[in-house]
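Note sheet for the following structure.
The values are calculated or read from the model by the stated rules, or taken from the named source; none is laboratory data. Because the structure is a prediction, the values reported are computed rather than measured. So basically every Cβ, Gly included, is an ideal-geometry build from the backbone, and we count neighbours across all protein chains shown. Ligands, DNA and RNA are stripped out before the accessible areas are found, and what is left, the full protein with its side chains, is counted by its heavy atoms. Shrake-Rupley method; radii C 1.70, N 1.55, O 1.52, S 1.80 Å.
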Amino acid sequence: AILGELRLSLLFCDQGCEKMLSLQEIQKYYAENLENKIFRYQLRSGQVIDLRFYAQSFCHLLGIHHIMHQDRNFTGLRGYQKIANGEMTLATLRQRDRQQYRMMKRRMMSLVRLIEVLGKGDLYKFYLMRQLRSKIRADFVLYWKEETNELYHNLFLAKEKSLLQNRQNDNAYSALSYIVLTGKDDYDMYIDHQEYKKIVAFEILSCNKH
C-alpha cells in the first residue's frame with residue numbers, strides 16, 4: 001500500500017534514469033512514508049526489531065554532515081527545519097562543497113528507495129570489529145541490491161540509546177546511517193563476515209508523534 005501511495009513512477013524517468021528530486025521532495029517522502037511508523041521484523045531466532053525513523057536523523061541519513069563539515073546548524077532538527085522552510089537546498093549543499101556533494105548525491109537521490117530496502121532487504125547482525133574500513137557503530141544492517149540500476153543499499157540500525165536501561169523495551173531500534181554503493185565499488189564490504197539473520201515476518205505499524 002505504501003508503495004502505491006509513493007507512486008515511484010513519478011520519481012523516475014520513463015527510460016529508468018533518476019529524476020533529480022529536491023531536498024523538499026525527499027523530505028516529504030521521508031515524512032509521509034518513514035516517520036511515525038514502526039517497521040517490525042520478527043527473526044527466526046525469536047528476536048523482534050522495531051525500527052523507527054526520526055526527523056532529527058534525516059540529514060544524517062542523507063550525508064549532509066559530510067557536505068557541511070559537521071556544522072550543527074545544518075544537521076539534526078535544525079537542518080530538518082532549514083530544508084522544510086527552503087533555507088537549505090541542493091544548490092546550498094553544492095556551493096558549500098562540490099566534491100562532497102558529488103559523493104553524497106547518489107545517497108540523497110536513493111533515499112526514496114528506502115521503503116523497498118525495508119521490505120526486500122536481507123538483515124545482518126553487524127559487528128564493527130569485523131569491518132575494518134568502517135566506523136559505523138551499528139547493531140544491524142539491511143542490505144538490498146537494486147537490480148535496475150545495480151545499486152547496493154546499506155541501511156544501518158542501532159539500538160535506541162534511551163532504552164538501553166529498560167530491558168522491557170529491548171526491541172527499539174532507529175535508523176543510524178545509510179550508504180549506497182555501485183557495482184564498481186566493493187559493494188559487499190558491509191556484509192562480508194557479518195552474521196545473516198533470517199526474517200520470518202515483517203509488518204508496518206503506525207505510531208503517534210513525539
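Pull up the stretch 101-132, narrow it to residues that are without any contact (Cβ under 8 Å) to a residue 12 or more places away in the chain and in a helix (DSSP H, G or I), then point me to the one that is farthest from Asn33 (Cα to Cα).
Met129
Test each condition in (1) open to solvent by 10 Å² or more (accessible area, probe 1.4 Å); (2) in contact (Cβ under 8 Å) with a residue 12 or more places away in the chain for Lys135 and report the one that comes out false.
Of the numbered conditions (1) open to solvent by 10 Å² or more (accessible area, probe 1.4 Å); (2) in contact (Cβ under 8 Å) with a residue 12 or more places away in the chain, the odd one out for Lys135 is (2).
His65 fails exactly one of the following numbered conditions: (1) open to solvent by 30 Å² or more (accessible area, probe 1.4 Å); (2) under 15 Å from the mean Cα position of the chain (by Cα); (3) over 30 Å from Phe202 (Cα atoms). What is the number of that condition?
(1)
With the requirement that a residue be open to solvent by 30 Å² or more (accessible area, probe 1.4 Å) and over 16 Å from Glu35 (Cα atoms), what does the stretch 75-96 give you? Don't jump to the end; show me each part of the working.
So in the stretch 75-96, the residues open to solvent by 30 Å² or more (accessible area, probe 1.4 Å) come out as 75, 77-78, 80-82, 84-87, 89, 91-92, 94-96.
Thr75, Arg78, Lys82, Asn85, Gly86, Glu87, Thr89, Ala91, Thr92, Arg94, Gln95, Arg96 - these are the residues of the stretch 75-96 that are open to solvent by 30 Å² or more (accessible area, probe 1.4 Å) and over 16 Å from Glu35 (Cα atoms).
Within the stretch 113-123, is there a residue that is within 19 Å of the chain's Cα centre (by Cα) and more than 19 Å from Tyr41 (Cβ to Cβ)?
Among the residues of the stretch 113-123, not one is within 19 Å of the chain's Cα centre (by Cα) and more than 19 Å from Tyr41 (Cβ to Cβ), which makes the answer no.
For residues that are of a type in the set (Phe, Trp, Tyr) and over 13 Å from Arg133 (Cβ atoms), scanning just the stretch 188-210, find the one that is least open to solvent (accessible area, probe 1.4 Å).
Filtering the stretch 188-210 for residues of a type in the set (Phe, Trp, Tyr) gives 190, 196, 202.
If we keep only those that are over 13 Å from Arg133 (Cβ atoms) too, we end up with 196, 202.
On the way: Tyr196: 109, Phe202: 76 Å².
So, considering only residues that are of a type in the set (Phe, Trp, Tyr) and over 13 Å from Arg133 (Cβ atoms), the one least open to solvent (accessible area, probe 1.4 Å) is Phe202.
With respect to Arg72, determine if the residue is more than 20 Å from the chain's Cα centre (by Cα), of a type in the set (D, E, K, R) and open to solvent by 40 Å² or more (accessible area, probe 1.4 Å).
no
Applying the selection to the stretch 153-203, what residues are at pLDDT 95 or above, touching an Asp or Glu at 6+ places or on another chain (Cβ under 6 Å) and assigned to a loop (DSSP other than H, G, I, E, B)?
Of everything in the stretch 153-203, nothing turns out to be at pLDDT 95 or above, touching an Asp or Glu at 6+ places or on another chain (Cβ under 6 Å) and assigned to a loop (DSSP other than H, G, I, E, B).
Restricting the stretch 39-62 to residues that are more than 13 Å from Leu157 (Cβ to Cβ) and touching a Ser or Thr at 6+ places or on another chain (Cβ under 9 Å), which is least open to solvent (accessible area, probe 1.4 Å)?
If we take residues in the stretch 39-62 being more than 13 Å from Leu157 (Cβ to Cβ) and touching a Ser or Thr at 6+ places or on another chain (Cβ under 9 Å), then Cys59 is least open to solvent (accessible area, probe 1.4 Å).
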